[in-house]
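Take a look at the structure set out below.
The values are calculated or read from the model by the stated rules, or taken from the named source; none is laboratory data. None of these values were measured; they are calculated from a predicted model. Ideal geometry is used to build each Cβ from the backbone, glycine not excepted, and the neighbour counts take in all protein chains shown. The area values use the complete protein model at the heavy-atom level, side chains included, leaving out ligands, DNA and RNA. Shrake-Rupley method; radii C 1.70, N 1.55, O 1.52, S 1.80 Å.
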Amino acid sequence: MSFKLITRPAVEPITVQEARDHLRVDSTQEDALISELISAARQYIEESTRRPLITQSWTYYADCFAGDIELKANLQSVTTVKYIDTDGNQQTLDAANYAADIAALVGVVYPAYSLDWPSARYVTNSIEIEF
C-alpha cells in the first residue's frame, strides 16, 4: 500500500506575518525563507504524527481489498473507490457500497452493511481510493 499527495494544502497553519511577529522580525527581507520554513515544519509534523494538519487530497493504492482500509487521520471524505475487476477493467465502486468512519483516530473505509468488497484482480495498485 502507498499514498500519493494529489492536492497540496491551500494555506499553511500560520501566516508569514504571524511567524514574523513570533520571531520578532520587523523586516520583510526573509519572508520567502520564513514561508519555506513554515511549510517544512508543517510537513515534518504531518510525517511525524501521520496526521494531515490542513485539508489536502490523497490517493491510497493497494494490490487488493483487505477488510477495513486505514487511510489517514482527520479523514473528511472519500471521493472515489476504484479497482481493477477480474477482467482487467477499472471500475468505480458506487458510494452506496462502502462507508467511511471519519470519527476514528485514523480514517477507515469499509464495505457497506451486509456487503463485501468486490472481486478485484490481484495486480500492483489495482485499488485506488481518493480521499
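Table for the structure above
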| read-out | value |
| --- | --- |
| Strands (runs of 3 or more DSSP E) wholly inside the range 19-131 that include at least 3 residues being not polar (S, T, N, Q) | 57-62, 80-84, 98-101, 108-111, 127-130 |
| Of all residues in the range 1-25 being open to solvent by 90 Å² or more (accessible area, probe 1.4 Å) and more than 24 Å from SER57 (Cβ to Cβ), the one that is nearest to the chain's Cα centre (by Cα) | GLU18 |
| Of all residues in the range 26-52 being of a type in the set (Val, Ile, Thr) and open to solvent by less than 50 Å² (accessible area, probe 1.4 Å), the one that is nearest to GLU70 (Cα to Cα) | ILE38 |
| LYS82 within 26 Å of ALA120 (Cα to Cα) and either at pLDDT 95 or above or among the aliphatic types (A, V, I, L, M) (or both) | yes |
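Let's see how each residue does on (1) surrounded by 18 or more Cβ atoms within 10 Å (Cβ to Cβ); (2) under 21 Å from PRO52 (Cβ atoms); (3) of a type in the set (Val, Ile, Thr); (4) out of contact with any Phe, Trp or Tyr (no Cβ under 9 Å at 6 or more places or on another chain):
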position	(1), (2), (3), (4)
LEU105	no, yes, no, yes
TYR110	no, yes, no, no
TYR113	no, no, no, yes
THR124	no, no, yes, no
GLU128	no, yes, no, no
